[in-house]
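Everything on this sheet refers to the single structure shown next.
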Amino acid sequence: MKVCTDACLFGALVADCNPDSYRESTANCLDIGTGTGLLSLMFAQKNNSVKIDAIEIDKEAAIQAKGNVAASPWADRIHIFNEDILVFDPGKLYDCIISNPPFFEDDLQSPDKAKNKAKHNNSLSLIQLVQVIDIHLAADGFFAVLLPYQRVEYFITEATKAGFHLNKQILAKQTMKHKFFRGILFFSRKEKEFEKSEIIIKDTNHNYTSDFIALLKDYYLYL
């Protein structure tokens, strides 16, 4: 799947999320459904000591992710696994889990099976995502997800049922005139002061906003 703007926004926010506010250090991170490896690469770029396990069920995507990681300066800290997260057994817990999961449930699907696997939760539902995060997340760790806006409240409800607390919520709009289209959520097992904000990607002249540029300037060649 091609890299998209909202995934880059999510990657920048996750990489810049100040993990020290959750625990003393973030030693191990799990990227569920890494695709091309984008989130892992962005996280590694900003967090010099973190070691990342990135799991991807699609074979071709996992091969591409391995190639992208191998070509990066952080190849020694990112490990790609072509496995199903539902049976993944790393033998350890993670301090941080990040995921840009399949978005759609019961929506019109493509004839392309790979696209369906990436975009639709045929292989991993949001409830299952909460369950596997609960299994793999350390007691003092945190996790972050990128979701379509219409799935935000549903996911918050399911995560709350599993004992997680919503610590931060960032809602994204394409422009001021558009409605929210993505939600970025940060959870932990500990109740903290809740932070809520929004970000607009482009201004009325269709240029990137100053907030977006500030977040992505270290990743985009041209802004």
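Remark: pairs (first residue in the range 205-223, open to solvent by 90 Å² or more (accessible area, probe 1.4 Å); second residue not in a helix (DSSP H, G or I); Cβ separation under 8 Å; 6+ apart in sequence or on different chains) = His206/Thr175; Asp211/Ile199; Asp211/Ile200; Lys217/Leu223. Annotation note: Cβ proximity below 9 Å between a residue of the range 59-83 that is among the small types (Gly, Ala, Ser) and a residue that is open to solvent by 40 Å² or more (accessible area, probe 1.4 Å) and assigned to a strand (DSSP E or B) (sequence gap 6+ or interchain) occurs for Ala62/Phe81. Taken together, the criteria exclude Gln169 from residues that are open to solvent by 90 Å² or more (accessible area, probe 1.4 Å) and either out of contact with any strand residue (DSSP E or B) (no Cβ under 8 Å at 6 or more places or on another chain) or at negative phi (or both). Out of Ala12, Ala75, Ala65, one residue alone is under 20 Å from Ile170 (Cα atoms), modelled with pLDDT of 95 or more, open to solvent by less than 50 Å² (accessible area, probe 1.4 Å) and outside any strand (DSSP E or B). It is Ala12. For the range 182-198, filtered to residues that are under 21 Å from Leu129 (Cβ atoms) and charged (D, E, K, R), the residue that is most open to solvent (accessible area, probe 1.4 Å) is Lys190. The requirement of being modelled with pLDDT of 90 or more, open to solvent by 40 Å² or more (accessible area, probe 1.4 Å) and closer than 19 Å to Ala159 by Cβ is not satisfied by Asn82. Of all the criteria given as (1) β-branched (Val, Ile, Thr); (2) part of a loop (DSSP other than H, G, I, E, B); (3) open to solvent by 70 Å² or more (accessible area, probe 1.4 Å), the one not satisfied by Thr175 is (3).
The values are calculated or read from the model by the stated rules, or taken from the named source; none is laboratory data. Fair warning: this is a prediction, and the values are worked out from it, not measured in the lab. We place every Cβ from the backbone using ideal geometry, glycine too, and count neighbours over all the protein chains shown. Only protein heavy atoms, including side chains, enter the accessible area calculation; ligands, DNA and RNA are left aside. Shrake-Rupley method; radii C 1.70, N 1.55, O 1.52, S 1.80 Å.
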